[in-house]
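Enquirer: This is the structure I want to talk about, given as structure tokens.
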Amino acid sequence: MADDTLDPPDSVLVSRCQAGDYDAYDELVTRYRGKIYAMIYNMIRNDADAWDLAQEAFIKAWKALPKFKADSEFYTWLYRIAHNTTYDFLRKKSNKVGKDEFDDGIRRDMVDAPTTPREASAPDEQAERTDLRRTLDAALEKLSPDHREVILMKEVEGLQYNEIAERIDVSIGTVMSRIFYARKKLQESLKEYRPS
Amino acid sequence: MKHSPANDEDRLTRWIDGELSDADVSDLLEADPSLMALKTEANAIGADLRQEFNAEEKVPYGDFFNHQIRERIQEEDSTNDAPVTWREEAQVLPIFTKMRTAFGLAFLAMVAGILGFTMLQANRGLNDTQVVRAFAPDSSVTAMAIWNDAAGATVLTLDGLKPIDTAQTVAGVSAPLNPEFDWQLSESSGLLATLTF
């Protein structure tokens with residue numbers, strides 16, 4: 001989201017925050033909580049934990065604001081904090097589960113964790129959509145967080161390679177390699193669901 | 001063009017995303033015709049992901065979400081105590097997120113306050129006034145705890161609860177020490193509880 005399309009621009013709100021204006025930060029929280037919450041929720045598929053982690057990310061961002069130098073966009077900087085917070089959570093979960101493979105760090109029961117009620121749709125559409133969602137969740141679960149994150153950023157958020165690279169602070173080559181691998185892995189995982 | 005696995009992956013990724021034409025990767029397609037199926041599958045999977053996942057979600061109880069962040073920041077800023085760790089908050093917050101009714105949240109705050117009081121030292125001088133921090137997750141409810149010298153008691157007040165019928169029996173909470181307490185019902189501000197230790 002370009003700074004100059006917003007009113008007031010992020011840069012103005014950030015300056016006010018750095019001068020101690022918490023109301024300005026409240027406005028930034030309102031502006032970006034939906035995106036941050038969605039990113040975290042898509043990664044961990046549990047609404048209670050996503051809520052906690054999103055709050056944690058915003059609290060960390062507030063504390064780090066004095067060091068924010070505007071050499072990147074505020075949302076890109078915020079996203080990185082949320083990304084690191086999510087990864088720390090996944091790492092701790094992975095250690096708790098005691099599995100060697102990072103890919104197995106998310107427990108299967110989290111896939112079926114109760115979610116916030118969403119707008120109702122026709123029962124048959126709902127059943128089919130739930131089936132597809134479960135299938136995609138299971139396939140994404142087999143990816144490492146690195147691969148899961150980039151494929152979601154590419155396909156769901158529609159970001160360009162350079163935008164993804166900037167957000168997660170890796171090279172474009174790394175982004176493209178991860179996308180390629182994620183697609184191949186998803187194709188294999190979804191073979192039964194989508195017989196070619 | 002120099003071929004390398006990394007270079008080939010770059011080209012194929014761009015080709016799947018429509019940035020390169022079939023002609024641009026004809027060498028790769030000749031070597032592995034199954035790549036056409038990979039492109040078709042990848043695009044279909046992308047469409048499914050866009051259908052099922054959202055780039056932005058409505059945060060449940062958005063105002064409360066913001067309020068909690070503000071409260072936590074102000075708490076950490078105003079005290080010298082070590083901030084509550086994320087792990088401890090994670091154990092507490094999921095309980096709060098499940099308590100949907102205002103009364104349930106306020107009741108939980110009251111129980112937390114009572115438990116907090118039981119941790120206080122038994123010998124408190126009459127001049128030892130201590131304000132214990134009390135917190136109500138529901139922003140419409142104000143929790144206060146004040147030692148009252150005249151009464152020789154710690155007074156816990158919850159202001160902002162919905163009024164309840166004074167004829168109703170309130171059950172569920174009893175002071176673990178010196179079970180002498182008075183429940184006072186206020187029609188305007190809800191339930192007041194006076195706990196005497």
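The values are calculated or read from the model by the stated rules, or taken from the named source; none is laboratory data. This structure is a prediction, so every number in the text was calculated from the model and none was measured. Cβ placement follows ideal geometry from the backbone for every residue including glycine, while neighbour counts extend to all protein chains displayed. The accessibility values were calculated without ligands, DNA or RNA, using every heavy atom of the protein model including side chains. Shrake-Rupley method; radii C 1.70, N 1.55, O 1.52, S 1.80 Å.
Enquirer: Within segment A:166-196, restricting attention to residues that are open to solvent by 10 Å² or more (accessible area, probe 1.4 Å) and of a type in the set (A, V, I, L, M, F, W, C), which residue is farthest from the other protein chains (Cβ to nearest Cβ)?
Expert: Among those that are open to solvent by 10 Å² or more (accessible area, probe 1.4 Å) and of a type in the set (A, V, I, L, M, F, W, C), it is A:I168.
Enquirer: Here's something else I'd like to know. Of the conditions (1) open to solvent by 50 Å² or more (accessible area, probe 1.4 Å); (2) within 22 Å of A:Y75 (Cα to Cα), B:D27 clears all except one; give me its number.
Expert: The single condition B:D27 does not satisfy is (2).
Enquirer: In segment A:16-63, what count of residues is obtained for those that are without any contact (Cβ under 8 Å) to a residue 40 or more places away in the chain and assigned to a loop (DSSP other than H, G, I, E, B)?
Expert: The qualifying residues number 3.
Enquirer: Also, quick follow-up: Got at least one residue in segment B:8-17 being modelled with pLDDT under 95 and surrounded by fewer than 15 Cβ atoms within 10 Å (Cβ to Cβ)?
Expert: Checking segment B:8-17: not a single residue is modelled with pLDDT under 95 and surrounded by fewer than 15 Cβ atoms within 10 Å (Cβ to Cβ).
Enquirer: Count, please, the residues in segment A:29-46 that happen to be at the interface with another protein chain (Cβ under 7 Å from one of its Cβ atoms) and of a type in the set (S, T, N, Q).
Expert: 2
Enquirer: Quick one: A:P114 ticks every box in (1) modelled with pLDDT under 80; (2) more than 22 Å from A:A54 (Cα to Cα); (3) within 10 Å of another protein chain (Cβ to nearest Cβ) except a single one, so which number is it?
Expert: (2)
Enquirer: So B:Q68 clears everything in (1) at pLDDT below 70; (2) facing chain A (nearest Cβ under 7 Å); (3) surrounded by 18 or more Cβ atoms within 10 Å (Cβ to Cβ) except one condition, right? Which one?
Expert: Against the list (1) at pLDDT below 70; (2) facing chain A (nearest Cβ under 7 Å); (3) surrounded by 18 or more Cβ atoms within 10 Å (Cβ to Cβ), B:Q68 comes up short only on (1).
Enquirer: May I pose another question? Applying the selection to segment A:64-82, what residues are assigned to a helix (DSSP H, G or I) and not aliphatic (A, V, I, L, M)?
Expert: A:P66, A:K67, A:F74, A:Y75, A:T76, A:W77, A:Y79, A:R80, listed by residue number.
Enquirer: So, one more: Applying the selection to segment A:48-60, what residues are among the acidic types (D, E), facing another protein chain (nearest Cβ under 7 Å) and open to solvent by 10 Å² or more (accessible area, probe 1.4 Å)?
Expert: A:E56
Enquirer: Which of the numbered conditions does A:E157 fail, given that it passes all the others? Conditions: (1) open to solvent by 40 Å² or more (accessible area, probe 1.4 Å); (2) part of a helix (DSSP H, G or I); (3) facing chain B (nearest Cβ under 9 Å).
Expert: Unmet condition: (2).
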